Amino acid sequence: MKLIRSLWGKWKESRLFVKLIAVMVVSIVAVSATTSWITLHMSVKLFTDTFGITNAKVISQIKTNMDSFHYTVITAANNVFQSGTVKSFLTEGDSDSLTMARQYGAIRQEMDRIQSIIDAYQVSITISGVNGRSYSTDRSLLPLQARQLEGLEMTRRALEQPKKMTYQYYRPGPSDVGSKEPLIVATQAIRERSTGEVYGTLYVAVRESDFRQFYASFSSVGNDVFLLDRTGLIVSSNREDYRGEYTPDLLRYASQITEQQVRTMDGKVWGKDSIILAEELPFYDVYLVNVIDSELASGQMLNKQAIVLTCSLFVLGALVIVFLITRGMTRSLTLLVRQMSRITENDFTNYVSVTGSYETRQVGHAFNYMLDELHEYVDELVATQKEQRNAELAALQRQINPHFLYNTLASVKFLVQQDSKEKAAATIHALITLLQNAIGNVSETVTVEQEISNLKSYVFINHVRYGDRVRANFFIAPDCLHYHVPKLMIQPFIENAFFHGFNRKQQGTVHVLVAREGETLVCEVVDNGDGIEGLTGEHELPADGGKSHFFSGIGIQNVHDRIQLLYGEPYGVAITSRPGEGTRVKIRLPLLES
């Protein structure tokens, strides 16, 4: 327990030092983190822009390679369209064996000639005619007969757009013979140029792995290339796991890039932050998309661990320097605070030793000087308050009307002469109670219950002296009896009501009410007497400088002043009067439990 107290004491003494260190640490770390983040962000931005420019050139090169392949395929296709041998083979009906052998020999020579045009690429050329015949320069790539070719989606599309060559992604089915490797197939209807009559279909097939060679050298880890058709199908890619898959998100990015004509776009592809470049290839009716993994690419250029480690070392060094400097500056100030905290209440002789830095010494001198000034001021203040308290008490005690005592005693004498000893004793008891309350310490407070008891004694004495032409009723809320009020607070207003409130009227009633209003205790003295001439509506004391006869008696103005002095301006006395109807005095006090 002692250890805990000791640690707690040291913590309280070092709070300034700890706060300064905390502010410094937060500031240094915040500045370092912000600077590092801005540096990294700007570097990544610069890298992204540079990478975007470089890869835009790469995409342009890939497009050139693919356009060259397309032009070669178009050249071969034109030779097919212009060949009479091909037309005869695809349109003539069956004949004798010798004729058919000659036709197949002729078509083989013609197709070998056309194949030589495109020998730079490993492709096969397949033709299929309306007569049910088909021929292929390499059946290992597209080993399908004419009737099988007719049922393919690529054939249907070619016949729907006979003037256009379309490229399709084709994956051989389980029942297909030959290689199961995916293919890229260029398809176009073979038609009569003059009449436009379609008499066959051309298929130029290339393995997707061979087609990939157009861009394979430009791809790497985190730098992937995709060919997307208009439906979002990945026709070709260096990523084998994505070939033949549909990617609507990637298609959306590619469409936006081409429509907005921007160089790059940032986005999320398969859950990773990526840089996306895209180019439309109208000949192939596909999008060429380059996807760069932002984190992987920037990591290759920026060593984030090295940057973080370097910044951490700088921050640590700065914190050590700040710690040493701050500790030296606050040490003397901490010692001064420790000495100040040992000064006990009302002990103005415990001076502090003046040591340390210039600022600390100045504070020490000022503190010692303040102790001297406080000592003198407190002595003077205590003496003044004692004199003021005694003068106030004496003044209040002197305000008790001598005639009140004389008349009360005379009334007692008269009661004794009439042999009303019990009533006389009760009157004397009430007078004693009243005098004890008036002459006691004026700074004391009493409960509402005691104050009402004293008021009833006062009313009793007045009834003995003057009769009961003025009656008094008391309405006290039960939950207010325990609250405290200053002594002699309500009696001055009862007295004025008795002696000044019923000069014209022969009889009447005074009501005393005590209740709560929220967090305020409200005491009211209400009579139905003559009212006050010249005083209408509600007024706070002093109503006319305290010169009206209404404000004579035992400290009416003093009650208001005492309440405001003790509890502040929201509290005090307010008077409402209507001539001929009566007067209402409202006293507002805080809720005091003791």
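Odds and ends about this structure:
- Taking every Cα-Cα distance in the range 123-261 and sorting them into 10 Å bins from zero, the calculated P(r) comes out as 11, 36, 32, 17, 3, 0 percent.
- Extending 7 Å from the Cα toward the beta-carbon at both residue 515 and residue 131 defines two label points whose distance is 11.9 nm.
- For the range 190-259, trypsin sites (Lys or Arg not before Pro) meeting the loop criterion (DSSP other than H, G, I, E, B) and having at most 12 other Cβ atoms within 10 Å: 193, 230.
- Based on the convex hull around the alpha carbon atoms, the range 131-198 presents an average projected area of 4.9 nm².
- For the range 196-297, the carbon plus sulfur part of the accessible surface works out to 45%, probe radius 1.4 Å.
- Cβ-based net charge around residue 494, under 13 Å, with every Lys or Arg adding one and every Asp or Glu removing one: -2
- Of the trypsin sites (Lys or Arg not before Pro) in the range 257-296, those whose Cβ has at most 16 other Cβ within 10 Å and which sit in DSSP loop: 263
- Relative compactness, the range 77-191, computed as alpha-carbon Rg over 2.2 N^0.38 Å: 1.06
- Largest to smallest accessible area among 353, 577 [probe 1.4 Å]: 353, 577
- In this structure the amide hydrogen of residue 483, modeled in the peptide plane, comes within under 5 Å of the amide hydrogens of 448, none closer than 5 places in sequence on its chain.
- Surrounding net charge for residue 206, when Lys and Arg each add one and Asp and Glu each subtract one, Cβ distance under 12 Å: -2
- Length added when fully stretched, residue 320-residue 64, from 0.36 nm per residue minus Cα-Cα: 86.1 nm
- Selection among 123, 70, 89 by position relative to the dipole of the range 53-134 gives 70 as farthest towards the positive end (Cβ unit charges, Cα centre).
- For residue 100, the solvent-accessible surface computed with a 1.4 Å probe is close to 50 Å², ligands and nucleic acids excluded.
- Charge sum, other residues only, whose C-beta stays under 11 Å from residue 292's C-beta, Lys/Arg counted +1 and Asp/Glu -1: -4
- Extension gain, residue 192 back to residue 312 (0.36 nm per residue minus Cα-Cα distance, nm): 35.5 nm
- Across 57/272; 87/164; 63/164; 180/268; 421/586; 57/180, pairs whose alpha-carbon gap is larger than 27 Å: 180/268; 421/586; 57/180
The values are calculated or read from the model by the stated rules, or taken from the named source; none is laboratory data. Note that the structure is a prediction, hence the values are computed from the model and not measured. Don't worry about glycine lacking a Cβ; one is built from the backbone with ideal geometry, like all the others, and counts go over all protein chains shown. Note: accessible area is taken over every heavy atom of the protein model, side chains too, but ligands, DNA and RNA are not part of it. Shrake-Rupley method; radii C 1.70, N 1.55, O 1.52, S 1.80 Å.
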